[in-house]
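Written out below as structure tokens is the structure these notes cover.
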Amino acid sequence: METPLSKHLWWQEGVIYQIYPRSYKDSNQDGVGDLPGIIKRLDYLQWLGITAVWLSPVYPSPMADFGYDISDYQGIHPLFGTMQDFDRLIGEVHRRGMKLILDLVPNHTSDQHPWFLESRSSRDNPKRDWYIWSDPKPDGSLPNNWLSVFGGSGWEWDEPTQQYYYHAFLKEQPDLNWRNPAVQEAMFSVMRFWLDKGVDGFRVDVMWHMVKDARFRDNPVNPNYQPHMATYEQLLPVYSTDQPEVHELVMKMRHILDEYPERMMIGEIYLPIQQLVTYYGIDGKGAHLPFNFQLLQLPWDAQQIAAAIDQYEGVLPAGGWPNWVLGNHDQPRITSRVGKEQARVAAMLLLTLRGTPTIYYGDEICMRDVAIPFEEVQDPQGLNMPDKNLSRDPSRTPMQWDNSAFAGFSEARPWLRIAQNYSRENVSAQQNDPGTMLTLYRRLIQLRQQEPALMTGEYTPVYADKQVIGYMRKAGGADAFLILLNLSHRPAYIRLADEQLQGTVELATYPELEGIVVSGRINLNGDEGIIVRLKADQHS
Ligand code: NOJ
């Protein structure tokens, strides 16, 4: 059982904030965000209460997939700055008592990476086996039916060497062959390079893709495929992803981290929850936090979300620390999915559940998905696919800092257009206004970080119906909290099993309700969420 006395580590107690560096803050007026820009905004993050920053890739890259196609794992792309800027960033982050998490992209490199240039130069190059090469089938057709996540076949023909190579994403992102020990060693030394610099952890890109079936068997047809789905979903990727051997690799990566004190590893893994939790590894020697994306994927429905929370709590392995994610650079923004009122309820959910929360930049000021005209689409996932709605550009637009031209992001026209509403929805307009989303986020984070029950305490479900989710957070000896969230726009009546229960509303999505005393019979407004303090001597 967790008690305030048990020792929790920074990544269990903290709040992670994802920065998409292209879009955070531009310091050299080229329309693209950069590391010196991020440094300028660290005071803001500290003010907000953020304890760890995760940066999407800042390495040299031809930018076919905006940095997820890396051509040098140990450098900084000049667009983002220099290695000196990076060293300054890590120093400034640490000086503020915060942590820095880097994106590690081990599944694939850029096709411009020297490793791949060598690998494709000839069939007998020593690095040939660093990537996944295959002959055509005897009849000349593709090696198998594996599809690329970004559309079309996963195999690309290499004319000069007369073989196919495999790419789970773009053809400019060839997959590394992780069955080759030399590849493993090369990536482990990349990890050590950054850990030696003092980086506190990695978010590992597409961890579940890293190993493929040794026999390259065909993936089966997905019986639930619907025409509106991405073509990748036509097949079930049972042989191209989530292979048993991946866990050995994750364990080896974990070993590298364990050579250093208190470093951590997040795994980006889109899998059903029972498979997801296997990435904690045997005896917890896998990923510290396999990203839990349920809040991004489930319909915004109280019963379904309540069940998912309980299911997740139920399947977590002993010692496995939970985590919750509400947005990232690959998904629609929460405010666009559920609307502004419910986005406040969602913030309360994210910051009161048990487990480490990850906030996506801009969600704290209610940024919305921005409509990007056809001719301005930049994301390869939008450009390659017949369905432009799959483009991820809308959730990657520049951060809205103030109401000046280009939202205080840059003095030059940004690489992606800015939301039209930026003159109202921006940090400076929201910072000193008690009713804003930004104030709500800041207060939620403060409360979470001050209260042992909310930060690391136990979770107990107490209520769920078609509209409302209710749960308690408790830590021995400290005040407990009852959280009630109305996930609908309509008022709701609630009768808790313990009608005698009494407490004071500490924080509410409608701040005017704070301070009122509530009991086990409560009615909530539509879109209302409340955090009720239950005095330590009043609950068992
Ligand atoms: C997951 C990343 O989050 C996404 O942005 C990227 O396109 C793919 N991995 C490929 O690296």
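Scanning the stretch 347-366 for residues that are outside any strand (DSSP E or B) and either in contact with a strand residue (DSSP E or B) (Cβ under 9 Å, 6 or more places away or on another chain) or among the charged types (D, E, K, R) (or both) returns A347, M348, L349, L350, L351, T352, L353, R354, G355, Y361, D363, E364. Among residues of the stretch 74-97 that are closer than 12 Å to Y59 by Cβ, those with a Cβ under 8 angstrom from a residue that is of a type in the set (S, T, N, Q) and surrounded by 14 or more Cβ atoms within 10 Å (Cβ to Cβ), sequence gap 6+ or separate chain, pair up as I76/T82; H77/S61. Looking across A464, A497, A475, A492, one residue alone is of a type in the set (A, V, I, L, M, F, W, C), in contact (Cβ under 8 Å) with a residue 60 or more places away in the chain, farther than 16 Å from R344 by Cα and out of contact with any Asp or Glu (no Cβ under 7 Å at 6 or more places or on another chain). It is A464.
So that you can scan it fast, the table gives a plain yes or no per residue for (1) buried (at least 22 other Cβ atoms within 10 Å of the Cβ); (2) under 19 Å from the mean Cα position of the chain (by Cα):
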{"position": "D69", "(1), (2)": "yes, yes"}
{"position": "D72", "(1), (2)": "no, no"}
{"position": "I76", "(1), (2)": "no, no"}
{"position": "L79", "(1), (2)": "no, no"}
{"position": "M83", "(1), (2)": "no, no"}
{"position": "V93", "(1), (2)": "yes, no"}
{"position": "I101", "(1), (2)": "yes, yes"}
{"position": "P106", "(1), (2)": "yes, yes"}
{"position": "T109", "(1), (2)": "yes, no"}
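Considering only the stretch 81-108, how many residues are away from the ligand (no atom under 16 Å from the Cβ) and outside any helix (DSSP H, G or I)? The qualifying residues number 7.
Name every residue in the stretch 47-71 that is at negative phi, assigned to a loop (DSSP other than H, G, I, E, B) and more than 16 Å from the ligand (Cβ to nearest atom), in order of residue number.
To start, the set of residues in the stretch 47-71 that are at negative phi comprises 47-48, 50-62, 64-65, 68-71.
Checking which are assigned to a loop (DSSP other than H, G, I, E, B) leaves us with 50-51, 56-62, 64-65, 68-71.
Scanning the stretch 47-71 gives I50, T51.
Among the residues of the stretch 489-524, just one is among the polar types (S, T, N, Q) and closer than 19 Å to T439 by Cβ, namely T509.
Scanning the stretch 153-170 for residues that are in a loop (DSSP other than H, G, I, E, B) and more than 11 Å from the ligand (Cβ to nearest atom), we see that the one that is surrounded by the most Cβ atoms within 10 Å (Cβ to Cβ) is G154. Would you check if D369 is within 29 Å of D65 (Cα to Cα), within 16 Å of the ligand (Cβ to nearest atom), without any contact (Cβ under 8 Å) to a residue 40 or more places away in the chain and assigned to a loop (DSSP other than H, G, I, E, B)? Yes; evaluated as a whole, the condition is true for this residue. For the stretch 171-204, taking the residues that are in contact with a strand residue (DSSP E or B) (Cβ under 6 Å, 6 or more places away or on another chain) and part of a loop (DSSP other than H, G, I, E, B), the one that is surrounded by the fewest Cβ atoms within 10 Å (Cβ to Cβ) is identified as K171. Taken as a whole, the condition of being within 23 Å of the chain's Cα centre (by Cα) and at pLDDT 95 or above does not apply to L117.
Determine whether A347 is more than 16 Å from the ligand (Cβ to nearest atom) and crowded, with 23+ Cβ neighbours inside 10 Å. Walk me through how you get there before you give the answer.
Details: more than 16 Å from the ligand (Cβ to nearest atom): yes; crowded, with 23+ Cβ neighbours inside 10 Å: yes.
Spelling it out, A347 is indeed more than 16 Å from the ligand (Cβ to nearest atom) and crowded, with 23+ Cβ neighbours inside 10 Å.
Please work out if I39 is over 29 Å from I269 (Cβ atoms), more than 16 Å from the ligand (Cβ to nearest atom) and in contact with a helix residue (DSSP H, G or I) (Cβ under 6 Å, 6 or more places away or on another chain). Outline the logic, then answer.
Working: over 29 Å from I269 (Cβ atoms): yes; more than 16 Å from the ligand (Cβ to nearest atom): yes; in contact with a helix residue (DSSP H, G or I) (Cβ under 6 Å, 6 or more places away or on another chain): yes.
When the stated conditions are applied, I39 passes them.
Within the stretch 223-248, count every residue that is out of contact with any helix residue (DSSP H, G or I) (no Cβ under 6 Å at 6 or more places or on another chain), at pLDDT 95 or above and over 30 Å from V183 (Cα atoms). So the answer is 4.
If we only count helices (runs of 4 or more DSSP H) wholly inside the stretch 266-344, which ones have 2 or more residues that are away from the ligand (no atom under 16 Å from the Cβ) and small (G, A, S)? Here the list reads 302-315. Take the stretch 114-152 and flag every residue that is within 16 Å of the ligand (Cβ to nearest atom) and assigned to a loop (DSSP other than H, G, I, E, B). Residues satisfying the conditions are I132, W146, S148, V149, F150, G151, G152.
Residues that are under 25 Å from the mean Cα position of the chain (by Cα) and buried (at least 24 other Cβ atoms within 10 Å of the Cβ) within the stretch 120-150 comprise just one, F150.
Tell me, which helices (runs of 4 or more DSSP H) lie completely within the stretch 379-496 with 3 or more residues that are buried (at least 16 other Cβ atoms within 10 Å of the Cβ) and within 16 Å of the ligand (Cβ to nearest atom)?
Hits in the stretch 379-496: 380-383.
Cβ-Cβ below 6 Å, separation at least six or inter-chain, first residue in the stretch 102-114 and of a type in the set (G, A, S), second near the ligand (Cβ under 10 Å from one of its atoms): which pairs? As it stands, the answer is S110/D69; S110/I70, since those pairs meet every condition given.
The values are calculated or read from the model by the stated rules, or taken from the named source; none is laboratory data. All values derive from a computational prediction rather than experimental measurement. Because the Cβ atoms are built from the backbone with ideal geometry, glycine has one as well, and the counts that use them run over all protein chains shown.
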